[in-house]
Structures are given as structure tokens and as C-alpha cells.
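One structure is given here, and the rest of the page talks about it.
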Amino acid sequence: MRQGLFITFEGIDGCGKSLMAAMTQTWLVENGYEVLATLEPGGSDLGKVFRQMLLDSSYGSVDSHTETLLFMVDRSRHVTDVIRPALANGKIVLCDRYIDSTIAYQGGGRGLDIDELTRLNDFAINGVYPDLTIYLSLPIEQAMQRIPGTKDRLEQENVEFFARVAATYDQLADQYPHRIQRIDASGSPQDVFALVQTAIGTLFKDRGRICHG
Ligand code: TYD
């Protein structure tokens, strides 16, 4: 039986997801909620191995099919070991990237078939869909400037790749308007977080929970 709430954060590299997920965690904990903050790839013990394989450029190039299946194994294990048990315990689960990253990056970015990827996602998550997805939307040039230091294997892709990823996120937001909230991430962290709080506040109200600003 699922009693918690599942919120995912999505967007192109450099959009500020990780900061928004961290600020959300602090806010919800201050409101007395039990929160589990996690991420993909690498949210389970086994997943840390996959994260290394997926992001470390020293492994060389990985073909798109292998890359996708690695993300799927990572996700399936993450759902089974971490997300589903936390939801069953009534926790609020905050996950930095989930199913939409695969559609946007492997579908939009790499050009794989989106229907096929959707079926793979469905198989991997086995019914554990997010209650809310916060999609942080930001112009690519601005996002690229925000990526600090050395870039991982996926961050080294070119601007055209990220343009396709962003366009696919926009399509997903149009396709699933009840689940995905598109938020303008070009403002200051405080401005963007205020929008995140509004989106989460609406979800909580719908589910009969309270959260103060
Ligand atoms: P990460 O360092 O976690 O970046 P970020 O802070 O931007 O989330 O790296 C995750 C990378 O993996 C990111 O470039 C997106 C990519 N990715 C996919 O291509 N497909 C997926 O299904 C997932 C979960 C991530």
C-alpha cells in the first residue's frame, strides 16, 4: 500500500534541479515530514556502480542501447530497494531525475524510439509513477554556463543534443499536464524555489496535507 508522496525533479544539465531538490528537502523536513532524497543514476547500492559506468568518460563511448539498459537496471533496482519501501512507510520521496530523463535524453537526445523507451520505463518502475514532476525549464545557453568544473560523459554532448533534450521535455510537459509542472528556472534560486513551493503546495492541498512557507 502506497502512503507517501513521490516527487521527481527534471530538466537539462545545469537547470538547478539538485539545488531545488535540496531546498525542498529542507523545507519539508522543517514542516515535520519524513523525507527521503535520492537520485538517478546511482540511487541504490548497486546503482552506484552503474552511475560510474554511465557517467565516467574513461569508460569510452557507450552505444545508446547499452546506455539505456544500464539506466533501466539502475532504475528498477532503485524502485525495488529504495523508492517503493519509502513510499510504503509514508515518506515523501524526492528524486533528482527519473523516467522523463530517459525519454528526454535517450529519446530526444539520442533519437531512440520514444514508445519503446516508455515501455521499458513502465517495465522498470512496475507501477511506481511520480505524483508530481517539477520540470525546471531554462534556455540552454544559460544552463551550460551553470555547469561547474569538469563535465561528465553526458554533459560533454553538444548544444544540438541539449536542444533536442529540452524540446522533448517540453513535449512531455504538454502531454502530461496533470503530472508535470513546468517551472521557469531562469530567476534567482529564491524566485525559482517560490514556484516550486507553489507546485508542491497544490499537490499537498489536493492530497489533504499541510505545508507552510
Ligand atoms: P548527474 O551528474 O546526476 O547530472 P545532473 O546533476 O544534471 O542530474 O548526471 C546524470 C546524467 O545522466 C545527466 O546528464 C542526464 C543523464 N541521464 C540520462 O541520460 N538518462 C536517464 O534515464 C537518467 C536518469 C539520466
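Tell me the angle of helix 45-55 to the major Cα principal axis of the chain, expressed in degrees between 0 and 90 and rounded to the nearest ten.
50
Taking the Cα centre as origin and putting +1 on Lys and Arg beta-carbons and -1 on Asp and Glu beta-carbons, what dipole magnitude results for the stretch 1-90, to the nearest 20 debye?
The dipole of the stretch 1-90 has a size of about 240 debye.
Starting from the Cα gyration tensor of the chain, multiply each eigenvalue by 5, take the square root, and state the resulting semi-axes largest first in whole Å. Numbers along the way, then the final one.
Details: eigenvalues 133, 84, 51 Å².
Rounded to whole Å, the semi-axes are 26, 21, 16.
When ligands, DNA and RNA are left out and all protein chains stay put, how many square angstrom of accessible area per residue does the stretch 53-139 have with a 1.4 Å probe?
Using a 1.4 Å probe on heavy atoms only, each residue of the stretch 53-139 averages 40 Å².
Tell me, what % of the accessible area of the stretch 5-206 is carbon and sulfur with a 1.4 angstrom probe?
Exposed carbon and sulfur together represent 52 percent of the surface.
Helix 64-78 versus the longest principal axis of the chain: what is the Cα-based angle in degrees, 0 to 90, to the nearest 10?
In the chain, helix 64-78 runs at an angle near 30 degrees to the longest axis.
Under 20 Å between alpha carbons: how many lysine pairs meet that in the chain, if sequence neighbours fewer than 8 apart on the same chain are excluded?
Counting lysine pairs in the chain gives 4.
The values are calculated or read from the model by the stated rules, or taken from the named source; none is laboratory data. From a predicted model like this one, the values you see are computed outputs, not experimental measurements. Glycine also receives a Cβ, built like all others from the backbone with ideal geometry; neighbour counts cover every protein chain displayed. For the accessible areas, the whole protein counts, side chains as well, though only heavy atoms, and no ligand, DNA or RNA atoms are used. Shrake-Rupley method; radii C 1.70, N 1.55, O 1.52, S 1.80 Å.
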